[in-house]
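Read the figures in this text as sums done on the coordinates, not as results from a lab. Quantities reported herein were computed from a predicted structural model and do not represent experimental measurements. Here the Cβ positions follow ideal geometry from the backbone for every residue, glycine too, while neighbour counts run over all protein chains shown.
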Amino acid sequence: MKIPASVTFLLHRRAMKRIILGMILCQGQVWARHVEHAVRWHERMRGLLGRAGLGDAAAMVIRRCRAVHTVGMKFAIDLVFIDTTGCIVRIERNVPPGRLCVWGGWRAAHVIESEAGRLDLDRLNVGDTLELIGEEKRPAP
């Protein structure tokens, strides 16, 4: 069975999905080891929806995001809102599925989402600065 060229193109475009991986440092020490950066609009809109979880020491950074919802989520999440310099402006712990809106405030520029309890939020305080380290990866053709 031959696959039409249009379907092959769509499959190829999906395979070329950009993935940005990295880590987050707090006071020079690794705070989150496995970090995905949601940069494109569709990545930012989806966030962690539809996932069963992220795992230990894992998080997702959603760029240009001041508020999140947990409608349709399968697990509770921890949220860390940061400004454009990486300074923490708000920390929300154990946000349950079904919340319509969690707002980070006017200064918030990005949000870091993780499974509730998987990252050590006790090390963080409002006013601390996080360093986001990332590199872009493209799957092999």
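Worth pointing out:
- Counted charge near Gln27, where neighbours are those whose Cβ lies closer than 14 Å (Asp, Glu -1; Lys, Arg +1): -3
- Going from the residue with the fewest nearby Cβ atoms within 10 Å to the one with the most, Leu25, Leu49, Leu130, Leu79 rank Leu49, Leu25, Leu130, Leu79.
- Each of Val95, Val80, Val126 was scored by other Cβ atoms within 10 Å of its Cβ. Listed from fewest to most, they are Val126, Val95, Val80.
- Percent of beta bridges antiparallel (DSSP, the range 5-137, rounded to nearest 5): 85 percent
- FRET E, pair Arg64, Val30, Förster distance 30 Å, beta-carbon r, rounded to 0.05: 0.75
- Measuring r between the beta carbons of Asp122 and Arg51 and using R0 = 22 Å, the FRET efficiency lands at 0.35.
- The simple spin-label model puts a point 7 Å past each Cα toward its Cβ; for Ile133 and Lys74 those points are separated by 3.1 nm.
- Order of Cys65, Cys101 under a 10 Å beta carbon neighbour criterion, fewest first: Cys101, Cys65
- Computed from the C-beta positions of Arg93 and Arg40, the FRET efficiency with R₀ = 22 Å rounds to 0.20.
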